[in-house]
Each structure stands twice: as C-alpha cells, then as structure tokens.
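Some notes on the structure that comes next.
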Amino acid sequence: MNFFNVVAKRFALAAAAAALMIFTMPAAAATQKKVKIGLLLPYSGTYGMLGTSVDRGLRLAIEQHGNKLGGREVEFVVVNSEADPGKAVSNMQKLISAEKVDFVVGPIHSGVAMAALKVARQTGTILVIPNAGLNVATRELCAPNIFRTSFSNWQPNYAMAKPAYDQGYRRIVTISWRYAAGTEHLGGFEEEFKRYGGQIVKQILVPFPSVDFQTYLTEIASIKPDAVYTFFGGGGAVKFIQDYADAGLKGKIPLLSTGFLTESLKGLGNRADGIRTTLHYADDLDNKYNIAFRKAFKDRYNDEAGVYAVQGYDSGLLLIRAMEAVKGDTSNQAALIEAMRKVKFQDSPRGPWTMSKAHNPIQNIYMSEVRGGKNVMVGTAAKALDDPATGCKMAK
C-alpha cells in the first residue's frame with residue numbers, strides 16, 4: 001500500500017469515528033448530565049406541612065437508590081407554590097423554561113394544579129402530581145405526560161358513602177372549603193350517599209383558607225343531623241377538629257371524613273377520638289414495606305410519616321423505576337412515558353397498586369378510626385378502586 005493510500009485510509013477512519021461521535025454524543029450527554037426535578041410544592045402557609053412531607057418522601061426514595069435515576073445524578077429545583085393559583089403559571093414557566101427541568105413534581109393545591117395542568121399540556125413536560133386530587137386531571141384533562149401518584153378526589157369520598165349508610169345515618173350535613181378540592185371531595189360522597197337513599201340536609205362551604213368555623217358549627221348543632229361529613233386538610237383540619245370538640249359536638253354528632261382530616265393529631269388530645277375516615281393509606285398498615293418505610297422516614301427526619309410522605313415516596317419510586325427501564329435516557333420521551341405507565345408498585349407502603357389507563361392509581365381504600373389519639377385501621381372500605389376517568393380519551 002503506497003503512502004497516499006495509507007493517508008486516505010487514515011482520513012476515512014478518522015471521519016467515520018467523528019461521524020459516530022456526532023451521532024452518539026446526544027444520547028451520551030442525555031445520560032451523563034444530572035436529571036433535574038422541579039418541585040412545585042407549598043413550603044409555607046396552611047399547606048406548608050403537606051408540601052414538606054411530600055418533599056421528604058420523594059427525597060427519601062431517591063436517597064435509598066443512591067441519589068440517582070437511571071444511573072444519573074439528581075438535582076432538585078425547589079419553588080414554593082404558596083398554594084397560590086395566581087402564581088402557578090409563572091412558577092411552572094420558571095421550572096420549565098428557565099430551569100429546563102426534566103420532570104415537575106407537584107402541586108398540592110387543586111387550584112394550583114389546574115394552572116399547572118394547562119402548562120404541562122402545552123409544553124409536553126412530564127408532570128407528576130403527588131397530591132392534588134382534582135378529578136379532571138385524570139378525566140377531561142388527562143394527557144400522556146400527566147401522572148398522579150395520590151388519588152382522585154372522588155375515590156376516598158365515594159368509599160365512605162356505603163359504610164355511612166350501613167351505619168344507619170340518613171340525614172347528613174357536609175362542610176368544606178369553597179374551592180375545587182372541597183366541592184369535589186363533598187361531591188364524591190354526596191352523590192353516592194344519595195344513591196343509597198341518604199339525604200344531604202345542607203352543604204356548607206367556608207371561604208378558603210378561613211379557619212373561623214364557629215358560626216357554621218352553631219348552625220350544625222341547630223340542624224341536628226345524624227352525622228357530619230367534612231373535608232379539611234393541613235392546619236385547617238387540626239383547627240376544625242379542635243373547634244368541633246370545643247363546640248360540644250364531639251360524642252353527639254358523629255364526624256366522618258377522608259384521612260386528610262386526621263393526618264396530624266398533635267396537640268389534640270382526645271378531641272379527635274371517634275372520627276372515622278377513609279383513605280388510600282393507613283399509618284398502621286401491616287405490610288413489611290410500610291413498616292420499613294416508616295422506620296426509615298423516622299430515622300431520616302425524626303418525624304412520623306403520613307399519607308403525604310407516602311405520596312412523595314411513591315412519586316420517587318415512579319421516577320426510579322421508569323428511569324431504570326429507559327437506562328436514564330430522557331431524550332425519548334415516548335419511551336419514558338410508556339415506562340412510567342407500566343410501573344407496578346409492589347413495594348409501596350400503601351400496598352400494591354397500579355396506574356390506570358388515565359394515569360391515576362387503582363388502589364385500596366382503607367377505613368380508620370381515631371382511638372386514644374391515634375389512627376387505627378378498622379377495615380378496607382373498597383378494594384382496587386379505579387376512578388371512572390370520565391372524559392379521558394386515554395381510558396377508552
């Protein structure tokens with residue numbers, strides 16, 4: 001082989017190598033740089049403790065897997081949503097356009113979620129909802145890039161209707177905040193309770209986020225219903241339980257709700273005793289994953305885990321399993337979304353669950369009662385309950 005042929009061959013090999021680098025660099029870069037997770041959660045105000053719990057649960061799951069997703073280091077970008085729907089669009093744009101996150105995890109507040117859903121649908125960014133239960137997220141506004149790891153507002157409330165009717169309650173007053181989550185929570189219970197033949201004698205809606213309940217409690221006392229069904233969360237829930245007992249209604253008019261009402265019982269003494277709730281998680285679920293999770297959470301944060309922490313933890317598991325399936329490659333979003341849809345949660349603290357076609361959990365709903373200042377599971381209200389997914393084209 002002469003000199004010119006040798007040189008030509010070397011140039012050809014070099015060119016081939018360069019071309020190979022051009023075609024492989026994007027995929028390599030996609031798996032080498034950090035995965036950016038945007039956290040759109042409230043860290044202050046009425047829902048501050050909820051946002052903090054979700055944050056902690058999510059981080060715990062990822063820490064337990066070496067702080068990596070699909071072999072890539074993780075970077076968190078934190079934005080305090082303040083549970084303010086008016087700031088939701090700009091906060092989402094900050095995470096997506098300015099910070100260029102790979103995933104957004106949030107929000108807590110259903111009003112914030114409405115705006116977040118709009119931006120996620122417009123941009124195609126993957127949104128993982130770790131709490132906000134507004135029904136439309138996995139119904140009319142469902143989309144391939146939107147996943148929920150918590151519940152629909154319909155699920156836990158629907159599950160309480162039959163037990164309430166079977167208990168002999170026929171006339172019930174319902175009360176919540178006047179906002180999307182409040183009306184949907186009450187609606188899920190009311191519709192099913194009336195179907196069984198029960199009567200909603202009055203629905204009371206309190207301006208959000210007011211915790212001035214005295215006037216409403218006086219009205220409830222005058223109506224004398226068989227029971228009261230309510231939805232409040234965060235600091236508002238604690239205040240409602242306290243005021244309900246202090247108004248002399250505890251022990252006279254049974255109080256029913258979802259487990260969000262009794263998520264925090266600190267400082268309430270025996271005021272909450274007797275409250276019955278339904279939820280997709282119970283603190284004392286007797287499975288090895290829940291026991292291990294609660295111990296790990298306590299060791300890590302010196303605090304007790306609850307449903308919000310579980311929802312954050314399962315959000316972490318969703319990202320971990322999906323990113324493992326695609327080997328950390330976020331460049332092929334269709335493959336990543338498909339991997340997220342197929343994740344089966346066999347090791348969740350809440351028990352096994354799967355994603356529905358609408359990307360909402362199909363899960364058990366448990367019944368609990370507060371006894372001696374603690375939530376005690378007393379049964380399963382509904383098994384593998386799936387939201388109807390009304391209006392979601394993906395569910396067909």
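The values are calculated or read from the model by the stated rules, or taken from the named source; none is laboratory data. Being a predicted model, the structure only gives us computed values, none of them experimental. So basically every Cβ, Gly included, is an ideal-geometry build from the backbone, and we count neighbours across all protein chains shown. Ligands, DNA and RNA are stripped out before the accessible areas are found, and what is left, the full protein with its side chains, is counted by its heavy atoms. Shrake-Rupley method; radii C 1.70, N 1.55, O 1.52, S 1.80 Å.
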Query raised in the report: Using alpha carbons only, how many degrees (0 to 90, rounded to 10) separate the axis of helix 234-246 from the longest principal axis of the chain?
Result: 10
Requested in this report: Treat every Asp and Glu Cβ in the chain as -1 and every Lys and Arg Cβ as +1, leave all other atoms uncharged, and give the resulting dipole magnitude about the Cα centre to the nearest 20 debye.
Outcome: 860
Query raised in the report: Tell me, what is the 1.4 Å probe accessible area of residue 118, in Å² to the nearest 10?
Result: 120
Query raised in the report: Of 378, 241, 287, which is farthest on the positive side of the dipole of the chain, counting Cα position, with +1 on Lys and Arg Cβ, -1 on Asp and Glu Cβ, and the Cα centre as origin?
Result: 287
Query raised in the report: Spin-label point model (7 Å from Cα, Cβ direction): what's the residue 239 to residue 270 distance in nm?
Result: 2.7
Query raised in the report: Contour minus end-to-end for residue 90 and residue 199, with contour as 0.36 nm per residue of separation and end-to-end as the Cα-Cα distance?
Result: 34.9 nm
Query raised in the report: Between the helical axis of 110-123 and the dominant principal axis of the chain, each derived from Cα atoms, what acute angle in degrees is found, rounded to the nearest 10?
Result: 20
Query raised in the report: Could you give the angle, 0 to 90 degrees to the nearest 10, between helix 180-195's Cα long axis and the longest principal axis of the Cα atoms of the chain?
Result: 60
Query raised in the report: So which trypsin sites (Lys or Arg not before Pro) in segment 204-311 are both in a DSSP loop and have at most 14 other Cβ atoms within 10 Å of their Cβ?
Result: 252, 266
**Report entry** Amide proton proximity set for residue 380, modelled H, under 5 Å, gap of 5+
**Finding:** 367
**Report entry** Net dipole in debye of segment 96-231 [+1 Lys, Arg Cβ; -1 Asp, Glu Cβ; about Cα centre; nearest 20]
**Finding:** 220
Query raised in the report: What FRET efficiency, computed as 1/(1 + (r/R0)^6) with R0 = 45 Å and r the Cβ-Cβ distance, is obtained for residue 394 and residue 252, rounded to the nearest 0.05?
Result: 0.45
Report summary line: Plugging the Cβ-Cβ distance of residue 383 and residue 301 into 1/(1 + (r/R0)^6) at R0 = 25 Å yields, to the nearest 0.05, a FRET efficiency of 0.20
Report task. Could you tell me which of rounded, prolate or oblate describes segment 43-113, using a ≥ b ≥ c as the square roots of the eigenvalues of the alpha-carbon gyration tensor, with rounded for a/c under 1.5 and, failing that, prolate when a/b is larger than b/c and oblate otherwise? Result -> oblate
**Report entry** Estimated distance in nm for a label pair at residue 338 and residue 34, the labels positioned 7 Å out from Cα along Cα-to-Cβ
**Finding:** 3.1
Report summary line: The pairs in 239/344; 288/342; 252/298; 68/298 lying past 32 Å Cα-Cα in this model are 239/344; 252/298
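Where the convex hull is taken over the Cα atoms of the chain, what is its projected area averaged over directions, in nm²?
22.7
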Requested in this report: Name the long-range amide H neighbours of residue 272: under 5 Å, sequence gap of 5 or more, or other chain; modelled H, no Pro or chain starts.
Outcome: none
Query raised in the report: Ranked highest first by average number of other Cβ atoms within 10 Å, how do 72-85, 51-64, 193-206 line up?
Result: 51-64, 72-85, 193-206
Query raised in the report: Could you give the Stokes-Einstein D for segment 145-270 in µm² per second, using the C-alpha Kirkwood radius, 10 °C, 1.306 mPa s?
Result: 107
